Amino acid sequence: MSSDIIQLTNIAKHYKVGTQVVLALRSITITIERGEYVALMGPSGSGKSTLMNILGCLDTPTHGQYILNGTDVSKLDDNRLAEIRNKEIGFVFQTFNLLPRSSALENVMLPLVYAGMNKQKRIEQASKALADVHLSDRVEHKPNELSGGQRQRVAVARALVNNPSIILADEPTGNLDSKTSIEMMGLFEEIHKAGNTVIVVTHEETIAKHAHRIIRLWDGDVSADEQNIHIQTMADYKLAVKE
């Protein structure tokens, strides 16, 4: 089995706007290994969101090939893409995307419903995912009974519940205060240490520095791809607070 969980080769995405063709992505070639922790960075208009949508199988490229965990997903139809998303990708969104009238447990169980798992197994697996994000005492709480950080932890538990190949987080701290943001990045640190592949999409340098590798986009191309030699960890944060 290849150590690469993601292989992008000459990925391009073009949009037609009136009579103009917008080159959102020009020719992206990157590989991400199983178990890597990567930050995908870029300013507005860099192609960051377009690339995230392709990585998350929410969109397909105009040209190029995308191999995800051994499967070529470049040209799949919407139904197959939906199956791949549910099986291979755990999403964490800036806006949490929780069902407001459902409990934390019910929200986390949702991907398992789509996967066709029986109810008892769903409850067991979702309960474990909530325990993994330190929310065992909040399983029956609805989103409006939780803090912003707790709601994001529910979203992370939902992303983890299917044991996906990758965790894809889109600006996961965008709606959180600075202290809660640091705690959330500590959680991603734990998730990575447990062996998960984590991709965080962000425009914030302080958030990107928690990743082990930073890929920067500019005008639809990769402008830099480098190992992060100054990784920020929860240990660093606790030391700084103590001082």
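Please treat every number below as a calculation from the coordinates, not as lab data. As the structure is a computational prediction, the values presented were derived from the model and not from experiment. Because the Cβ atoms are built from the backbone with ideal geometry, glycine has one as well, and the counts that use them run over all protein chains shown.
Any chance you could tell me what percent of the C-alpha pair distances in the range 66-176 go past 23 Å?
Value for the range 66-176: 28 percent of Cα pairs lie more than 23 Å apart.
Taking amide hydrogens as modeled 1.01 Å from N in the peptide plane, which residues meet the under 5 Å criterion relative to L217, leaving out close sequence neighbours?
M41, G42, S223
What does the charge count around K75 come to, taking other residues whose C-beta lies under 14 Å from its C-beta (Lys +1, Arg +1, Asp -1, Glu -1)?
Within the 14 Å Cβ shell, the charges total -2.
What order, most packed first, do the peptides 69-78, 33-42 have when packing is the mean number of other Cβ atoms within 10 Å of each residue?
Descending packing order for the listed peptides: 33-42, 69-78.
Between E140 and N175, 0.36 nm times their residue separation minus their Cα-Cα distance comes to what?
Taking E140 through N175 to full extension adds about 10.3 nm, to one decimal.
Beyond 28 Å, what percent of the Cα pairs of the chain remain?
Value for the chain: 33 percent of Cα pairs lie more than 28 Å apart.
What FRET efficiency, computed as 1/(1 + (r/R0)^6) with R0 = 22 Å and r the Cβ-Cβ distance, is obtained for L58 and Q20, rounded to the nearest 0.05?
The value I calculate is 0.40.
Calculate how steeply helix 178-193 sits against the longest principal axis of the alpha-carbon atoms of the chain, using the helix alpha-carbon long axis, and give the answer as 0 to 90 degrees to the nearest 10.
Tilt of helix 178-193: around 80 degrees.
For the range 1-45, evaluate the Debye formula with one uniform point scatterer on each Cα (no solvent term) and list log10 I(q)/I(0) at q = 0.17 Å⁻¹, rounded to two decimals.
Log-scaled intensity ratios, in q order: -0.66.
Packing-wise, with mean Cβ within 10 Å as the measure, how do 117-129, 155-167 rank, highest first?
In descending order of packing, they fall as 155-167, 117-129.
Helix-derived [θ] at 222 nm for the chain: sum -39500 (n - 2.57) over DSSP H runs of at least 4, divide by residue count, nearest 500?
Taking each H run of at least 4 residues, the total per residue is -10500 deg cm²/dmol.
Within a 10 angstrom radius of the beta carbon, how do Y15, Y114, Y66 rank from fewest other beta carbons to most?
Listed from fewest to most nearby Cβ atoms, that is Y15, Y114, Y66.
How far apart, in nm, are two points set 7 Å out from the Cα along the Cα-to-Cβ line at E226 and at S147?
3.5 nm
Summing +1 for each Lys or Arg and -1 for each Asp or Glu, what net charge is found among the other residues whose Cβ lies under 12 Å from the Cβ of Q7?
Around Q7, the charge tally is -2.
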